[in-house]
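Everything below concerns the one structure shown next.
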Amino acid sequence: MRRRIIIATLALSAAAAGLTTAGVSVAAPPAGPPVIAAVGDIACKNAPGNNRSVCRYDDVAAAVRAGDYDAFLALGDIQYEQGEYENFVARYGAYFDDLLPITYPATGNHEYGTEDAAGYFRYFGDRAPGPYYSYDLGSWHLVSLDSTICSAGGVDCEPGSDQYEWLAADLAAHPAECTIAYWHHPRWDWLKYQKADWTEEYELLRTRPLWNLLYREGVDLLLSGHNHNYSRWMPMDKQGRYDPGRGVVQFISGAGGRNLNGFGNFHTRPDTFVRGQSDAFGILELTLREGAYDFRFVSAPGQPRYTDAGTGDCH
């Protein structure tokens with residue numbers, strides 16, 4: 001890797017709730033702005049084959065490896081179908097094992113196909129010190145959260161819950177100029193069944209309490225997967241309205257190799273959806289500069305080329 005990252009385990013106190021949890025932090029910051037890759041929805045239960053539209057996680061691993069990144073954020077549903085440890089080793093690990101020293105994972109709903117996501121935690125070990133944790137890269141603060149333990153509608157992640165109070169304490173303790181949060185389920189999306197009540201309740205509202213907290217505390221970016229495509233969104237407030245002053249910018253990066261999903265009917269396209277694609281597996285790349293960031297979508301080898309790139313400022 002381009003820059004050696006040294007990991008240390010810390011205890012972060014959630015004073016408001018009297019809780020503690022483990023986090024990871026970079027003891028020696030990289031020289032220059034950190035450059036990271038992020039994607040979810042990755043490894044099949046089967047090995048990659050000849051079908052260019054299914055199980056291309058080997059190509060996605062090659063894209064991450066070619067970028068020589070400082071960190072790789074795995075955005076949940078890392079191993080299908082049930083997150084079994086044996087499949088983590090045989091499938092995901094066959095192509096991503098050498099990336100473990102730079103990997104900062106988050107859980108997805110498929111990881112919880114195994115009780116308590118035991119396969120995920122066993123495979124990642126100290127790379128996943130808990131269902132939620134935080135660390136610093138350069139001048140940025142990053143927080144990995146667990147959207148799957150939020151029940152439909154956001155129950156279990158409301159104020160007073162362990163994760164909510166931990167997050168509030170962590171953000172208060174790390175008032176960085178630039179902050180990224182990431183979890184598996186997007187807060188906002190453009191889905192095939194956009195208007196279905198079950199979609200709203202199960203897919204989108206589960207992270208509402210956490211999103212509202214991110215907005216209140218001035219977090220800059222939210223990264224997620226779950227929908228198997230790539231999309232970029234305008235900065236949004238608690239109601240999903242455009243807010244250029246303090247809104248949270250959401251990226252959905254779910255084109256990690258499993259398969260690709262299309263978007264909904266154009267009549268249901270949300271006003272804050274900027275750009276997206278569902279034709280190519282690939283990763284989101286972010287360069288974390290002082291007070292700003294650069295972003296671009298990187299297609300995996302052998303996939304159609306798609307271009308989305310630009311810059312943004314922190315709050």
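The values are calculated or read from the model by the stated rules, or taken from the named source; none is laboratory data. Because the structure is predicted, anything quoted here is derived from the model rather than measured. Neighbour counts run over all protein chains shown; Cβ positions are idealised from the backbone, glycine included. For the accessible areas, the whole protein counts, side chains as well, though only heavy atoms, and no ligand, DNA or RNA atoms are used. Shrake-Rupley method; radii C 1.70, N 1.55, O 1.52, S 1.80 Å.
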Subject >> Count of residues meeting criterion [charged (D, E, K, R) and in contact with a Pro (Cβ under 7 Å, 6 or more places away or on another chain)] in the range 57-115 >> reply: 3
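What number of residues within the range 75-87 are buried (at least 20 other Cβ atoms within 10 Å of the Cβ) and either of a type in the set (D, E, K, R) or touching a residue at least 40 places away in the same chain (Cβ under 8 Å) (or both)?
Let us first name the residues in the range 75-87 that are buried (at least 20 other Cβ atoms within 10 Å of the Cβ), namely 75-80, 83-84, 87.
Cutting the leftovers down to either of a type in the set (D, E, K, R) or touching a residue at least 40 places away in the same chain (Cβ under 8 Å) (or both) gives us 75-80, 84, 87.
Residues flagged as buried (at least 20 other Cβ atoms within 10 Å of the Cβ) and either of a type in the set (D, E, K, R) or touching a residue at least 40 places away in the same chain (Cβ under 8 Å) (or both) within the range 75-87 amount to 8.
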**OP:** Look through 71, 43, 106, 37 and report the one residue that is of a type in the set (A, V, I, L, M, F, W, C), within 16 Å of the chain's Cα centre (by Cα), at pLDDT 95 or above and within 30 Å of residue 160 (Cβ to Cβ).
**Re:** 106
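Here's the yes/no breakdown for (1) in contact (Cβ under 8 Å) with a residue 12 or more places away in the chain; (2) among the acidic types (Asp, Glu):
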| residue | (1), (2) |
| --- | --- |
| 117 | yes, no |
| 136 | yes, yes |
| 140 | yes, no |
| 200 | no, yes |
Original post:
Can you tell me how many residues in the range 141-159 are assigned to a helix (DSSP H, G or I) and surrounded by fewer than 16 Cβ atoms within 10 Å (Cβ to Cβ)?
Top reply: 1
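Residues to consider are 208, 187; find the one that is open to solvent by less than 50 Å² (accessible area, probe 1.4 Å) and either without any contact (Cβ under 8 Å) to a residue 40 or more places away in the chain or among the basic types (Lys, Arg) (or both).
Going through 208, 187 in turn, just one is open to solvent by less than 50 Å² (accessible area, probe 1.4 Å) and either without any contact (Cβ under 8 Å) to a residue 40 or more places away in the chain or among the basic types (Lys, Arg) (or both): 187.
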**OP:** Please specify each residue of the range 217-265 satisfying the condition of being under 14 Å from residue 282 (Cβ atoms) and hydroxyl-bearing (Ser, Thr, Tyr).
**Re:** 230, 231, 253
Original post:
Within the range 214-230, which residues are crowded, with 22+ Cβ neighbours inside 10 Å and of a type outside the set (D, E, K, R)?
Top reply: 214, 219, 221, 222, 223, 224, 225, 226, 227, 229, 230
Original post:
What strands (runs of 3 or more DSSP E), lying completely within the range 231-315, carry at least 2 residues that are loosely packed, with under 15 Cβ neighbours inside 10 Å and at pLDDT 95 or above?
Top reply: 273-277, 309-313
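Could you tell me whether any residue of the range 160-179 is in a strand (DSSP E or B) and open to solvent by less than 40 Å² (accessible area, probe 1.4 Å)?
yes
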**OP:** Would you check which residues across the range 183-199 are more than 16 Å from residue 149 (Cβ to Cβ) and either at pLDDT below 75 or of a type in the set (A, V, I, L, M, F, W, C) (or both) and list them?
**Re:** 188, 190, 191, 193, 194, 195, 196, 197, 198, 199
